[in-house]
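Asker: Here's a structure for you.
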Amino acid sequence: MKSILIIGLGRFGHHLCINMAGLGNDVMIVDKKEECLEDLLSYATSAKIGDCTNEKVLRSLGIANFDLCFVCIGTNFQSSLEITSLVKELGGKRVISKANRDIHSKFLLRNGADEVIYPDLDIAEKLAVRYSADHVFDYIELTPEYSIYEIPPLPKWVDHSIKEVDIRNRYHISVLGIKRDGRAQLMPPADYVIQAQEHLMVIGKKEHIEYILKEIKE
(Lines give C-alpha, C1' and ligand atoms only; values in the text may rest on other atoms or scores of the structure.)
Protein backbone atom coordinates (compact mmCIF):
# COMPACT_ATOMS: atom_id res chain seq x y z
CA MET A 1 0.00 0.00 0.00
CA LYS A 2 1.25 3.45 -0.94
CA SER A 3 0.25 7.00 -0.08
CA ILE A 4 -0.85 8.81 -3.22
CA LEU A 5 -1.52 12.49 -3.90
CA ILE A 6 -3.59 13.34 -6.97
CA ILE A 7 -3.79 17.01 -7.99
CA GLY A 8 -6.37 17.77 -10.66
CA LEU A 9 -9.52 15.70 -11.07
CA GLY A 10 -10.41 15.76 -14.71
CA ARG A 11 -11.31 12.49 -16.43
CA PHE A 12 -7.85 11.00 -16.02
CA GLY A 13 -7.43 12.06 -12.39
CA HIS A 14 -10.90 10.76 -11.70
CA HIS A 15 -10.17 7.26 -12.99
CA LEU A 16 -6.73 7.26 -11.40
CA CYS A 17 -8.25 7.95 -7.98
CA ILE A 18 -10.82 5.15 -8.29
CA ASN A 19 -8.26 2.60 -9.47
CA MET A 20 -5.58 3.57 -6.95
CA ALA A 21 -8.09 3.33 -4.11
CA GLY A 22 -9.36 0.02 -5.46
CA LEU A 23 -5.85 -1.38 -5.19
CA GLY A 24 -5.75 -0.53 -1.48
CA ASN A 25 -3.72 2.67 -1.59
CA ASP A 26 -4.31 5.72 0.60
CA VAL A 27 -5.34 8.47 -1.80
CA MET A 28 -5.59 12.19 -1.16
CA ILE A 29 -7.29 14.24 -3.88
CA VAL A 30 -7.08 17.99 -4.47
CA ASP A 31 -8.88 20.25 -6.92
CA LYS A 32 -9.89 23.89 -6.90
CA LYS A 33 -13.47 22.97 -7.86
CA GLU A 34 -15.60 21.37 -5.17
CA GLU A 35 -17.84 19.60 -7.69
CA CYS A 36 -14.85 17.64 -9.00
CA LEU A 37 -14.37 16.04 -5.58
CA GLU A 38 -17.91 15.14 -4.64
CA ASP A 39 -18.33 11.71 -6.28
CA LEU A 40 -14.83 10.62 -5.25
CA LEU A 41 -15.23 11.13 -1.51
CA SER A 42 -16.14 7.48 -0.97
CA TYR A 43 -12.90 6.39 -2.66
CA ALA A 44 -10.36 8.90 -1.37
CA THR A 45 -8.82 8.75 2.09
CA SER A 46 -8.91 12.54 2.24
CA ALA A 47 -9.86 15.45 0.01
CA LYS A 48 -9.16 19.15 -0.15
CA ILE A 49 -10.43 22.09 -2.16
CA GLY A 50 -7.61 24.40 -3.14
CA ASP A 51 -5.58 26.04 -5.89
CA CYS A 52 -2.26 24.19 -5.93
CA THR A 53 -0.49 26.98 -7.79
CA ASN A 54 -0.59 28.59 -4.34
CA GLU A 55 2.46 27.40 -2.40
CA LYS A 56 0.61 27.73 0.93
CA VAL A 57 -1.99 25.22 -0.25
CA LEU A 58 0.69 22.73 -1.26
CA ARG A 59 2.60 23.17 2.00
CA SER A 60 -0.55 22.32 3.93
CA LEU A 61 -0.74 18.93 2.18
CA GLY A 62 2.55 17.61 3.57
CA ILE A 63 4.01 16.78 0.17
CA ALA A 64 7.01 14.87 1.55
CA ASN A 65 4.72 12.32 3.19
CA PHE A 66 3.44 10.91 -0.10
CA ASP A 67 5.10 8.07 -1.98
CA LEU A 68 3.74 9.32 -5.32
CA CYS A 69 2.46 12.72 -6.42
CA PHE A 70 0.41 12.90 -9.62
CA VAL A 71 -0.15 16.25 -11.33
CA CYS A 72 -3.11 15.54 -13.62
CA ILE A 73 -3.78 18.95 -15.16
CA GLY A 74 -4.09 18.72 -18.91
CA THR A 75 -5.91 21.89 -19.96
CA ASN A 76 -3.73 24.55 -18.33
CA PHE A 77 -0.09 23.85 -19.05
CA GLN A 78 1.18 26.88 -17.11
CA SER A 79 -0.56 25.65 -13.95
CA SER A 80 0.72 22.11 -14.52
CA LEU A 81 4.28 23.39 -14.85
CA GLU A 82 4.06 25.60 -11.75
CA ILE A 83 2.53 22.86 -9.62
CA THR A 84 5.03 20.23 -10.79
CA SER A 85 7.92 22.53 -9.89
CA LEU A 86 6.46 23.41 -6.48
CA VAL A 87 5.66 19.81 -5.59
CA LYS A 88 9.25 18.80 -6.27
CA GLU A 89 10.66 21.77 -4.35
CA LEU A 90 8.48 20.87 -1.36
CA GLY A 91 9.91 17.37 -1.15
CA GLY A 92 7.89 15.26 -3.59
CA LYS A 93 9.60 11.85 -3.67
CA ARG A 94 8.33 10.91 -7.11
CA VAL A 95 6.38 13.39 -9.19
CA ILE A 96 4.43 12.12 -12.20
CA SER A 97 2.86 14.74 -14.45
CA LYS A 98 0.34 14.45 -17.27
CA ALA A 99 1.14 16.01 -20.62
CA ASN A 100 -0.66 16.34 -23.94
CA ARG A 101 2.28 17.33 -26.15
CA ASP A 102 5.99 16.53 -26.44
CA ILE A 103 6.97 20.16 -25.84
CA HIS A 104 5.05 20.07 -22.56
CA SER A 105 6.91 16.93 -21.53
CA LYS A 106 10.30 18.56 -22.02
CA PHE A 107 9.42 21.50 -19.80
CA LEU A 108 7.84 19.31 -17.14
CA LEU A 109 10.93 17.11 -16.93
CA ARG A 110 13.18 20.15 -16.66
CA ASN A 111 11.04 21.59 -13.89
CA GLY A 112 10.81 18.69 -11.48
CA ALA A 113 8.78 15.86 -12.99
CA ASP A 114 10.37 12.45 -12.50
CA GLU A 115 8.12 10.98 -15.17
CA VAL A 116 5.67 12.31 -17.73
CA ILE A 117 2.67 10.32 -18.93
CA TYR A 118 0.55 10.70 -22.07
CA PRO A 119 -2.67 8.78 -21.34
CA ASP A 120 -4.47 9.92 -24.50
CA LEU A 121 -1.48 9.20 -26.73
CA ASP A 122 -0.85 5.81 -25.11
CA ILE A 123 -4.45 4.71 -25.61
CA ALA A 124 -4.49 6.00 -29.21
CA GLU A 125 -1.32 4.05 -30.07
CA LYS A 126 -2.66 0.88 -28.47
CA LEU A 127 -5.98 1.12 -30.30
CA ALA A 128 -4.25 1.88 -33.60
CA VAL A 129 -2.15 -1.29 -33.36
CA ARG A 130 -5.05 -3.41 -32.16
CA TYR A 131 -7.62 -2.35 -34.75
CA SER A 132 -5.36 -1.95 -37.78
CA ALA A 133 -4.40 -5.64 -37.57
CA ASP A 134 -7.01 -8.37 -37.98
CA HIS A 135 -5.32 -10.81 -35.63
CA VAL A 136 -4.23 -8.67 -32.67
CA PHE A 137 -6.60 -8.97 -29.71
CA ASP A 138 -4.55 -6.90 -27.28
CA TYR A 139 -1.28 -5.01 -27.27
CA ILE A 140 1.04 -3.50 -24.67
CA GLU A 141 4.13 -1.55 -25.67
CA LEU A 142 7.00 -2.09 -23.23
CA THR A 143 9.69 -0.16 -25.10
CA PRO A 144 9.92 1.24 -28.64
CA GLU A 145 11.41 -2.13 -29.61
CA TYR A 146 9.59 -4.74 -27.47
CA SER A 147 5.87 -5.34 -26.97
CA ILE A 148 3.40 -7.90 -25.68
CA TYR A 149 0.77 -9.09 -28.17
CA GLU A 150 -2.27 -11.31 -27.79
CA ILE A 151 -2.53 -13.28 -31.05
CA PRO A 152 -4.01 -16.53 -32.35
CA PRO A 153 -1.63 -19.44 -32.95
CA LEU A 154 -0.37 -20.21 -36.40
CA PRO A 155 -2.32 -23.20 -37.83
CA LYS A 156 0.88 -25.26 -37.95
CA TRP A 157 1.36 -24.76 -34.17
CA VAL A 158 -2.02 -26.29 -33.30
CA ASP A 159 -1.92 -29.68 -31.54
CA HIS A 160 1.80 -29.31 -30.94
CA SER A 161 3.54 -28.41 -27.69
CA ILE A 162 5.44 -25.16 -27.20
CA LYS A 163 8.62 -27.22 -27.08
CA GLU A 164 7.82 -29.04 -30.34
CA VAL A 165 7.11 -25.78 -32.13
CA ASP A 166 10.35 -24.39 -30.66
CA ILE A 167 8.79 -20.93 -30.68
CA ARG A 168 11.64 -19.11 -28.96
CA ASN A 169 14.40 -20.33 -31.28
CA ARG A 170 12.42 -20.36 -34.53
CA TYR A 171 10.39 -17.21 -34.08
CA HIS A 172 12.43 -15.27 -31.47
CA ILE A 173 9.45 -14.69 -29.18
CA SER A 174 8.42 -16.07 -25.79
CA VAL A 175 4.96 -17.29 -24.75
CA LEU A 176 3.91 -15.52 -21.54
CA GLY A 177 0.46 -17.02 -21.31
CA ILE A 178 -2.44 -18.83 -22.91
CA LYS A 179 -5.86 -17.19 -23.01
CA ARG A 180 -9.12 -19.05 -23.55
CA ASP A 181 -12.72 -18.00 -22.85
CA GLY A 182 -11.47 -14.89 -21.05
CA ARG A 183 -9.25 -16.87 -18.66
CA ALA A 184 -5.47 -16.77 -18.75
CA GLN A 185 -2.88 -19.35 -17.82
CA LEU A 186 0.44 -17.62 -17.29
CA MET A 187 3.86 -19.12 -17.91
CA PRO A 188 2.66 -22.36 -19.53
CA PRO A 189 5.11 -25.32 -19.37
CA ALA A 190 7.13 -26.34 -22.41
CA ASP A 191 4.96 -29.46 -22.89
CA TYR A 192 1.75 -27.40 -23.11
CA VAL A 193 -0.16 -28.38 -26.28
CA ILE A 194 -1.50 -25.39 -28.22
CA GLN A 195 -5.18 -25.47 -29.24
CA ALA A 196 -6.83 -23.70 -32.19
CA GLN A 197 -9.38 -21.77 -30.13
CA GLU A 198 -6.78 -20.24 -27.82
CA HIS A 199 -4.94 -16.93 -27.90
CA LEU A 200 -1.25 -16.68 -27.13
CA MET A 201 0.21 -13.82 -25.12
CA VAL A 202 3.67 -13.39 -26.56
CA ILE A 203 6.55 -11.00 -25.96
CA GLY A 204 9.25 -10.06 -28.41
CA LYS A 205 10.52 -7.51 -30.88
CA LYS A 206 7.79 -5.94 -32.98
CA GLU A 207 9.49 -7.00 -36.22
CA HIS A 208 9.39 -10.68 -35.18
CA ILE A 209 5.76 -10.59 -34.09
CA GLU A 210 4.75 -8.72 -37.25
CA TYR A 211 6.36 -11.52 -39.27
CA ILE A 212 4.10 -14.04 -37.49
CA LEU A 213 1.06 -11.83 -38.15
CA LYS A 214 1.87 -11.86 -41.86
CA GLU A 215 1.96 -15.66 -41.78
CA ILE A 216 -1.43 -15.74 -40.06
CA LYS A 217 -2.93 -13.55 -42.82
CA GLU A 218 -1.57 -15.86 -45.48
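The values are calculated or read from the model by the stated rules, or taken from the named source; none is laboratory data. Since we're looking at a predicted model, the values are computed, not measured. Neighbour counts run over all protein chains shown; Cβ positions are idealised from the backbone, glycine included.
Asker: With the checklist (1) free of Cβ contacts under 8 Å to residues at least 40 places away in the same chain; (2) within 22 Å of the chain's Cα centre (by Cα) in hand, flag the one item Leu5 doesn't pass.
Answerer: (1)
Asker: Take region 8-20 and flag every residue that is without any contact (Cβ under 8 Å) to a residue 24 or more places away in the chain and buried (at least 19 other Cβ atoms within 10 Å of the Cβ).
Answerer: Our first condition is that a residue be without any contact (Cβ under 8 Å) to a residue 24 or more places away in the chain; within region 8-20, this holds for 11, 15, 19-20.
Within region 8-20, Met20 is the sole residue that qualifies.
Asker: Is it true that some residue in region 46-63 is closer than 24 Å to Asp122 by Cβ, surrounded by fewer than 19 Cβ atoms within 10 Å (Cβ to Cβ) and of a type outside the set (S, T, N, Q)? Let's see the steps before the verdict.
Answerer: Here is the first cut: in region 46-63, the ones closer than 24 Å to Asp122 by Cβ are none.
Among the residues of region 46-63, not one is closer than 24 Å to Asp122 by Cβ, surrounded by fewer than 19 Cβ atoms within 10 Å (Cβ to Cβ) and of a type outside the set (S, T, N, Q), which makes the answer no.
Asker: Against the conditions (1) among the hydrophobic types (A, V, I, L, M, F, W, C); (2) in contact with a Lys or Arg (Cβ under 6 Å, 6 or more places away or on another chain); (3) closer than 30 Å to Gly13 by Cα, where does Leu121 fall short? Just the number, please.
Answerer: (2)
Asker: Quick test of your reading of the structure: Gly112 fulfils all but one of (1) out of contact with any helix residue (DSSP H, G or I) (no Cβ under 7 Å at 6 or more places or on another chain); (2) in the same structural domain as Leu9 (by TED's automatic domain parsing). Name the failing condition by number.
Answerer: (1)
Asker: So, one more: Can you give me the number of residues within region 149-193 that are basic (Lys, Arg) and farther than 18 Å from Ile216 by Cβ?
Answerer: Of all residues in region 149-193, those basic (Lys, Arg) come to 156, 163, 168, 170, 179-180, 183.
After this cut, where a residue has to be farther than 18 Å from Ile216 by Cβ as well, the list is 163, 168, 183.
So the answer is 3.
Asker: Could you please tell me which pairs satisfy a Cβ distance under 9 Å, a separation of 6+ or placement on different chains, a first residue in region 178-202 that is closer than 17 Å to Tyr149 by Cα and assigned by TED's automatic domain parsing to the domain that holds Pro152, and a second residue that is polar (S, T, N, Q) and outside any loop (DSSP other than H, G, I, E, B)?
Answerer: Ile178/Gln185; Lys179/Gln185; Ile194/Ser161; Val202/Ser174
Asker: Would you check which residues across region 115-158 are among the charged types (D, E, K, R), modelled with pLDDT of 85 or more, out of contact with any helix residue (DSSP H, G or I) (no Cβ under 7 Å at 6 or more places or on another chain) and surrounded by 14 or more Cβ atoms within 10 Å (Cβ to Cβ) and list them?
Answerer: Glu150
Asker: A follow-up question, please. Which residues, counting only those in region 50-59, are assigned to a loop (DSSP other than H, G, I, E, B) and farther than 13 Å from Ile29 by Cα?
Answerer: The answer is Thr53, Asn54.
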